[in-house]
1. Please report, in cubic angstrom per residue, the volume enclosed by the convex hull of the alpha-carbon atoms of segment 24-192.
2. I want to check the label-to-label distance for residue 114 and residue 56. Put each point 7 Å from Cα in the C-beta direction and report it in nm to one decimal.
3. For residue 71 and residue 105, compute 0.36 nm times the residue count separating them, minus their Cα-Cα distance, and round to one decimal in nm.
4. Sorted by average packing, counted as other Cβ atoms within 10 angstrom per residue and highest first, what order do 119-129, 86-96 take?
5. Cα centroid distance between segment 125-177 and segment 29-87, in Å?
6. Residue by residue through segment 166-171, which ³J(HN,Hα) values in whole Hz follow from phi under the Karplus form 6.51 cos²θ - 1.76 cosθ + 1.60 (θ = phi - 60°), with glycine and proline marked x?
7. Based on the Cβ-Cβ distance of residue 228 and residue 173, what FRET efficiency does E = 1/(1 + (r/R0)^6) give at R0 = 22 Å, to the nearest 0.05?
8. For segment 28-94, what's the radius of gyration and Dmax over Cα atoms, in angstrom?
Amino acid sequence: MRLSMGGQATHQTLTPTAEAVRTEETMNQDVVSSFELRGYTVEIIRDPDPISPEDRADRHAFLVYGHRDFTVHGPNQETAEQVYRDRAEWEKTHTVYPVYAYIHSGVRLGLSTAGMVDIPWDVSLSGAALVTRDESEIPQPQEYAQAMIEEWNQYLSGDVYGYKIADAQGEDVDSCWGFYGQESCEQEARAAVPEKPSCAHRKLSVCSPIKTGVAGGKERVWLEATCNDCGEEVEIDYLPGTPHTKADPPPARPLAVCTNCKASPDLFTYDEEGSVFCTSCGAKQPITRADLSC
C-alpha cells in the first residue's frame, strides 16, 4: 500500500525509495518473473539486500519493538520500553498504536491479533507504531499506521524486489531496486521501458565493406547494413557478427576470407537457407548467414 507522508514534499513516503542501484556483482539473482515489452526483456528479481524501514523512519511515523527475537528502535534510538514508560508525553504529539508480533519461524506484525494463531504462546505485545498528530503531515494516522505495518511485513517476508531491463541484444539498459510488492515493481518496470522499441537487427540488407584496418596484429573489416525491421544503419564485424552502432565500433576480429580461394569478404552471397557461398569460386563456406549477422 502506498501512502504519502502528506504536506511537505521534503518528507519521504512509505513507499521505498527505489534509487539504490545494485551492481550485478553484489546481486544474488533470484528472478521471480519476466516479460517482453517493445523488444526489451524485463526481469523482476527479489531484492536480497533491501533497505530496512527502520533505516528510513523519521519523527513523523516510526515503529518501536522490544522482544528478544525482534528489536526495532526509533529514529533517535528510542526503545519500546522508553515509549511505553513515557507514553503520556508521546501522546501529546503522536498517536500511539500498540503493535502485536507473531513470532514463529519468522515475524509478522499487526495492529491487532486478527489472523494470528497460537496467541498465548507465539504472539507478543511489546511494541508500538507512532504517528504524528499533525494532520498537515499525515491526515489519516490510522491508515498510515496500518500501511507502515504492511510495509514492515513485506520487508520481513522478503516481499521486496528490483528490476533489470535488457535490450534486444541482451545489453542491460536500466535497473532499480527497493520496491515493496511484486506488482508495484512490475508497474514501475513497465513505466521505465524506453518508448523507442529495441530491435535485434535480425533482418539486415546486403552488406558492403566500409573500412578495414589492423588491430591487435590482426586484420579487421567493418560492414555496413540497414536493418529491414527498424531501418537503423548498423556496423557489424564480419565474423562472427554482433550489430554495433557507428558510435560504438565493434572489437577487433580476424578478417574472414573464402576457405577455398581466399577471396575478400565482399564477395559472398547467401541462399534462402542462409548458407554462405563465395561468388568468386562458388565454394560453400563453413559458416551460415546467422554467423555473419548480415
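Every number in this text was worked out from the coordinates using simple rules, so none of it is lab data. Predicted model only: the values in this text are computed from it and were never measured. Glycine also receives a Cβ, built like all others from the backbone with ideal geometry; neighbour counts cover every protein chain displayed.
1. Roughly 143 Å³ of hull volume per residue.
2. Modelled inter-label distance: 2.5 nm.
3. 10.7 nm
4. Packing proxy ranking, top to bottom: 119-129, 86-96.
5. Distance between centres, Cα-based: 7 Å.
6. Going residue by residue, I get 10, 7, 5, 8, x, 7 Hz, with x marking Gly and Pro.
7. Step by step, r from the Cβ atoms, then E = 0.45.
8. Answer for segment 28-94, Rg first and Dmax second: 19.3, 59 Å.
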